[in-house]
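Below is one structure; the comments refer to it alone.
The values are calculated or read from the model by the stated rules, or taken from the named source; none is laboratory data. Computed from a predicted model, the values in this text were never measured in an experiment. We place every Cβ from the backbone using ideal geometry, glycine too, and count neighbours over all the protein chains shown. Surface accessibility is based on the protein's heavy atoms, side chains included, excluding ligands, DNA and RNA. Shrake-Rupley method; radii C 1.70, N 1.55, O 1.52, S 1.80 Å.
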Amino acid sequence: MNRRALAMRLAAIVALSGAVPVVLLAVIGLQIVRRRGVAASQEALQAIAEQAAGRISNYISQQRVTLRAVAMAVSGEPDAERRLADVTLDAPTLSHVRLIDAQTPANQLPRLRPEEIARALSGHEVHSDTYMAGVSLAQDACCPARKPGTAVCATFDLLELQRQVQRIRIAESGYALAFDRNGRLVASGSGSLRAAVLSGEPIAESPFAVQLTNAGAAPQRLASSTGADVLAGWAHLKDLGWSIAVEQPIDEALRGVRTALGLLGLGALFALGISLALGTAQARKMLVTLELEERWKTAGRLAAGVSHDLGHRLAILQQTAALAETNDPAFLPRIRESLASEVSTLRKFVADFADLTREPKAADFLPVELNALIESVRRSVQPQAAAAQVAIEAQRAPADVWVRGDRYLLERAALNLVYNAMEASSPGARVTLSVRRAGERALLQVEDRGQGIATDRLHSLFDSFVSTKRTGAHVGMGLPNVRRIALAHDGNISVLSNLGQGSLFTLDLPAQDSSSFSS
Amino acid sequence: MRVAVTGSLEKVDPVPGSPSFSSWAQNWVFEPLARFDARGEFVPAFASRVEMRQRGQIYIELPRERRFNDGSLISVEDVEQSLRANGLRLAAANAGFVVRALDSKVPIEVAFARTLVFAMREGRFVGSGPFIVAEEVPSPDPEGTSLEFFENMDRLKVVRGPGRQTDSIIFNPALPKKERAMLARAIDSDSVRELAFGPGCPEALNRAAADSPVPPGRPLDVLGWGSMDRFALAVRRRMADRGGNADIEPSTEVVKRLQQRQFDLATTRILVWPSSMAALAWRTGSPGNLIGYSNPAVDAALDAGDWAAAQAALHDDPPAAFVCTHDRYAVVDARIKNPTLGPYDLLETLPDWEVEP
C-alpha cells in the first residue's frame, strides 16, 4: 500500500470514526423532525376542522334561535301567516316560513317524518336531516308556536355553510370537505370534487365520514379523491350529522419540514466533507512524519546490521591477512578457503541488497509457470546443496500452475526460502520444493526437517532486520524481502514450524488460467 | 357536445316560443333565416341576403344546393312552409323573395326573427344546423344555482353576458291607466330590488323615478311563482297598506290566471331586447300577450317599426313595472377558448367556439 492510499485509509478511518456518530445522530434527528412536522401539520388540520365544525354549529344554532324568536314574536298575531311569510325578506336564510297545524295539507308540510311533525305540533323543536335543494343545502325545522297544536316551520338555506366550507383554504392547495351522515359530499372546497356534491356519488373520503358518524375514527393520512396523498383533520357535528374533513397534500404540508431536512442533510454532508478533508490532511502530515522517523530507524538498523556483519567479515579478512603476512606456505590452503568463503558471503550480502532495489510493477508482470520455476531453483542451488550434503527435491504439480508476476523476484523469493531451509538443515537432510493449486490460489512451498523456529520468534519472522541466524552473513533482509515480493503479487507468505521437527514456508499467489494469457 | 340546462326539457323542435329549455338548442339544429347582431339588427343566417324593404316586407335571397342534416335538399317550398308556420308568406321577386305577413298579430320583424328552417321527414323534424339531437336526458332541476358553486372548478369556467329579459310585475289591464303608471314608478325601486334580488341587481332598462309613492286604493294581491316568491313578497311589502295576499303558485297556474285576468299584480319575466321583441308581449292579439293588453298607440308604433315610440307608449300606459334585468351566465368547459354568449339566444354563438386540444 503506497503512502497516498495509506493516508486515504487512515483519513477515512479517522473521519468515519467521527462522522458515523454524527451521521447517525443526523439521521435520527431528521426522523424526529420529520415525524414532528407530520404531527404538527395533522394537529393544525385537526384544529381547522374543529374550528370549521364550531362555526357551522354556531350558524345552525343562530338559524334555530332566529326561528324560535320569530315563532314567539309572530305566531300569536292575527296576521301571523303574512308576517311569517315576510320573514324571508329580513332573514334571507329562512324560507317558506309558515304556521302548520294538524290540518295543513301534506304538500305544505316540511320534510319531516309524520312522527316528527306530530312531535313538533306537540310543542317540541324538531329538524330534518340536511338535504340538497338543487345545488344548495337545506334543512327543515319546526319550533313551537304560541297556539297549542301549531308549530312554526321554515327551511334553512344552508348555502352560507357551503360558502364557509368552500372558503377554507390551507396554504396553496389545502381545502375542506363536508359530508352528511350518509357520507354524501355536501360542500367542497376542492373544485375538482364539487361535481360529487351535485351527483351524490360517494368519493374516497365518504366511508371515513360514515365511520366518524358511527363513532369510529377516520385516518389522518389517506389517498384523497383528488388523487393526491393528503394529511387530514376530521371533526364531527353530532347535531347536524355532518363530518368535516380538512385536507392538505402531503407534499405541500411537509414542504417546510423537507426544506429543513434538506438543510440539515447538507449540513451533515458538509461536516462530513470537512472532517474527511481535515482527517486526510492530518493523516498525510502524520504519515510523512512517521515515514521520516521510520527511515531514520531503518537507516539505524541497517547501519547496525551492516556494521555488525561487515565488521565480522573484516575481522576474518584481517585474520586471513595476518596469516598471509607470515609467508608460510602451510597456511595457503586455509587462506584460499577463507577468501573464497568470504567472497561468497559478501556476494550474497550484495545480492540481498540488490533485491531491495528492484520494485515489482504489476504492469511488467508476465505469466510464470511455477513447476518450471521450482525446477530452475532446484538446479541453481544444487551445487550449494551438494556442498552442504543436503538433498533438494522438487515436487511438481500434476498440471501446469500459472501465476502472473516478476519471474526474477519470484525466483529470488524461492531461492531465499530454499537457502534458509538448507542452512537450517543438517547434513544428510532433505529440503522439499513443491507446487500445487488450491482453488484460485497457487501455492509454492519449501519444507525442511531442520531445527525449527521458536514460537516467540514466528510473529516477527518477516519483519526487517530480524534473523534467526545473526551470527553469519544475515542482516535479516531475506524473509522481509520475500514478504514484500509476495504482497506485490497480491499474495502472502506464511510459515508453520515445530521446534526440532522443521518448518514449512508457503508462498501463496493468485493462480491464473493459461487461457487468460492468450489475449 | 353535451349541454346541461336548468329547467324543463322537451323535444327540440322548430316551434318558436317554447317554454322548454330545449329551445336553447333550436338554433343549433334548425338554422334561422337571420340573426340579430349586437345592435339588434338582422344579419343573414340561413338566408344569404336579408334586407328590410318598405314597411311590412323583407327581401331575402336563399342559398342554392343546401341540404338538411338527413341529406335531403332544402327546397324553396321548405322555406315557405317554415315561414308559414310563423305567420309569414314568401313570394318570388327578382333574384330572391319577398317575405310578407299573413296576419297582423305580430310585426313581421318578430315573426321573421323566430323563423327556423325545417322540414318534416318521416314524421320528424329535420334541420340544417351544425348539430343534430343525439339524446335528451332530463335531470333534477337545480333551481337557485349559486355561481359560487362553480368557482375554482378545474374544468369549468363561467361566461357572463347581458340579459334580455327583465323580472317585472305585470298589472291587470283592468286597473286604471293612471294607477298602473303610479304603481310602475313605485315598484321600480331600489328597495324592491334589494329585498327581492339582493345587492348587485342592475337597474331595469325602463327604470322610473325611485321612491315614488304607492297610489291609494284597495289592497292588491301579488301572484308569484317558483323562484320569484321573494320578488312577490318584496313587492307586497313595498305596497305597504295596499299589499294584499302573496299567492305563490306553480307557473302553469300563474299562466292560467294571467290569461283569465284573475290577478292584480303578478311576477313575470319579460323579453325586452331587442326592442322589436316588445311586440311579442304587448301587441294586441300577439300570442305572447297573455294578459290581453291592448294599446293602439303601441300597436301603431310597432307596426311602423318605431320601437322608441312603442317604448314611450308603453311608458305612458304601462302594462308592467320593469324591476331587474339579470345578467345571463353559462358554465362551460375550461378547454373552450373563446366562449361568448349570444346577444339573443344564449348559446347561438356556440358553433363558433373553439376547443383547445
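In segment B:151-184, the residue that is farthest from the other protein chains (Cβ to nearest Cβ) out of those that are free of Cβ contacts under 8 Å to residues at least 40 places away in the same chain and not in a loop (DSSP other than H, G, I, E, B) is B:LYS178. Inside segment A:316-328, residues that are assigned to a helix (DSSP H, G or I) and either closer than 26 Å to A:LEU479 by Cβ or open to solvent by 70 Å² or more (accessible area, probe 1.4 Å) (or both) make up a count of 4.
For (1) open to solvent by 40 Å² or more (accessible area, probe 1.4 Å); (2) assigned by TED's automatic domain parsing to the domain that holds B:GLU179; (3) part of a helix (DSSP H, G or I); (4) of a type in the set (A, V, I, L, M, F, W, C), each residue gets a yes or a no:
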{"site": "B:PRO215", "(1), (2), (3), (4)": "no, yes, no, no"}
{"site": "B:LEU223", "(1), (2), (3), (4)": "no, yes, no, yes"}
{"site": "B:SER227", "(1), (2), (3), (4)": "yes, yes, yes, no"}
{"site": "B:ALA232", "(1), (2), (3), (4)": "no, yes, yes, yes"}
{"site": "B:ASN245", "(1), (2), (3), (4)": "yes, yes, no, no"}
{"site": "B:THR252", "(1), (2), (3), (4)": "yes, yes, yes, no"}
{"site": "B:LEU258", "(1), (2), (3), (4)": "no, yes, yes, yes"}
{"site": "B:PHE263", "(1), (2), (3), (4)": "no, yes, no, yes"}
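Within segment A:96-112, the set of residues being assigned to a loop (DSSP other than H, G, I, E, B) and farther than 20 Å from A:LEU158 by Cβ comprises A:ASP101, A:ALA102, A:GLN103, A:THR104, A:PRO105. Quick check on B:PRO357: is it exposed (fewer than 15 other Cβ atoms within 10 Å of the Cβ), under 22 Å from B:GLU41 (Cβ atoms), over 20 Å from the mean Cα position of the chain (by Cα) and outside the structural domain of B:GLN260 (by TED's automatic domain parsing)? For B:PRO357, the condition - exposed (fewer than 15 other Cβ atoms within 10 Å of the Cβ), under 22 Å from B:GLU41 (Cβ atoms), over 20 Å from the mean Cα position of the chain (by Cα) and outside the structural domain of B:GLN260 (by TED's automatic domain parsing) - is not met. Against the definition (assigned to a helix (DSSP H, G or I) and either modelled with pLDDT under 90 or away from chain B (no Cβ under 14 Å) (or both)), how does A:ARG146 come out, yes or no? Against the criterion (assigned to a helix (DSSP H, G or I) and either modelled with pLDDT under 90 or away from chain B (no Cβ under 14 Å) (or both)), A:ARG146 does not qualify. The set of residues in segment A:174-223 being under 43 Å from the mean Cα position of the chain (by Cα) and within 14 Å of chain B (Cβ to nearest Cβ) consists of A:GLY174, A:TYR175, A:ALA176, A:LEU177, A:GLY189, A:SER190, A:GLY191, A:SER192, A:LEU193.
Taken over segment A:129-159, the criterion of being surrounded by fewer than 18 Cβ atoms within 10 Å (Cβ to Cβ), in contact with a strand residue (DSSP E or B) (Cβ under 9 Å, 6 or more places away or on another chain) and either in the same structural domain as A:ALA245 (by TED's automatic domain parsing) or not basic (Lys, Arg) (or both) is satisfied by A:ASP129, A:TYR131, A:MET132.
Taking the conditions (1) more than 30 Å from B:PRO250 (Cβ to Cβ); (2) within 14 Å of chain B (Cβ to nearest Cβ) in turn, A:SER136 satisfies each one other than (1).
Inspect all residues belonging to segment B:121-132 and state whether any of them is more than 14 Å from chain A (Cβ to nearest Cβ), in contact (Cβ under 8 Å) with a residue 24 or more places away in the chain, surrounded by fewer than 18 Cβ atoms within 10 Å (Cβ to Cβ) and under 29 Å from B:ALA300 (Cβ atoms). Explain how you work it out, then say what you get.
The initial filter retains those residues of segment B:121-132 that are more than 14 Å from chain A (Cβ to nearest Cβ), namely B:121-132.
Now narrow it down to the ones that are in contact (Cβ under 8 Å) with a residue 24 or more places away in the chain: B:121, B:125-132.
Add one more test, that the residue is surrounded by fewer than 18 Cβ atoms within 10 Å (Cβ to Cβ), and what stays is B:121, B:130-132.
This time we only want the ones that are under 29 Å from B:ALA300 (Cβ atoms), so: none.
No - not one qualifying residue is present in segment B:121-132.
Residue-by-condition table, conditions (1) part of a helix (DSSP H, G or I); (2) modelled with pLDDT under 90:
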| residue | (1), (2) |
| --- | --- |
| A:ALA330 | yes, yes |
| A:SER344 | yes, yes |
| A:PHE349 | yes, yes |
| A:PRO360 | no, yes |
| A:ARG378 | yes, no |
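Out of the residues in segment B:185-199 meeting the condition of being open to solvent by 10 Å² or more (accessible area, probe 1.4 Å) and more than 14 Å from every other protein chain (Cβ to nearest Cβ), tell me which one is modelled with the highest pLDDT. Going through the qualifying residues, I end up with B:ARG185. Within segment B:284-302, the set of residues being under 11 Å from B:VAL110 (Cα atoms) and touching a Pro at 6+ places or on another chain (Cβ under 8 Å) comprises just one member, B:LEU302. Only one entry of B:ARG328, B:ARG283 meets the criterion of being of a type in the set (Lys, Arg), open to solvent by less than 50 Å² (accessible area, probe 1.4 Å) and over 30 Å from B:ILE132 (Cα atoms), and that entry is B:ARG283. The set of residues in segment A:102-120 being touching a strand residue (DSSP E or B) at 6+ places or on another chain (Cβ under 8 Å), open to solvent by 30 Å² or more (accessible area, probe 1.4 Å) and away from every other protein chain (no Cβ under 12 Å) consists of A:LEU109, A:ARG111, A:GLU116, A:ARG119.
When residues in segment B:4-30 are screened for being open to solvent by 30 Å² or more (accessible area, probe 1.4 Å) and touching a Leu at 6+ places or on another chain (Cβ under 7 Å), 2 of them pass. Filter segment A:57-97 for residues that are within 14 Å of another protein chain (Cβ to nearest Cβ), among the charged types (D, E, K, R) and surrounded by fewer than 20 Cβ atoms within 10 Å (Cβ to Cβ); which is farthest from B:GLY198 (Cα to Cα)? Among residues in segment A:57-97 that are within 14 Å of another protein chain (Cβ to nearest Cβ), among the charged types (D, E, K, R) and surrounded by fewer than 20 Cβ atoms within 10 Å (Cβ to Cβ), the one farthest from B:GLY198 (Cα to Cα) is A:ASP79. Take the conditions (1) modelled with pLDDT under 90; (2) touching a helix residue (DSSP H, G or I) at 6+ places or on another chain (Cβ under 9 Å); (3) within 14 Å of another protein chain (Cβ to nearest Cβ); A:ALA253 misses just one of them, which is (3).
When segment A:479-501 is filtered for residues that are open to solvent by less than 70 Å² (accessible area, probe 1.4 Å), farther than 13 Å from A:LEU458 by Cα and not in a loop (DSSP other than H, G, I, E, B), the ones remaining, listed by number, are A:ASN481, A:VAL482, A:ARG484, A:ILE485, A:ALA486, A:ALA488.
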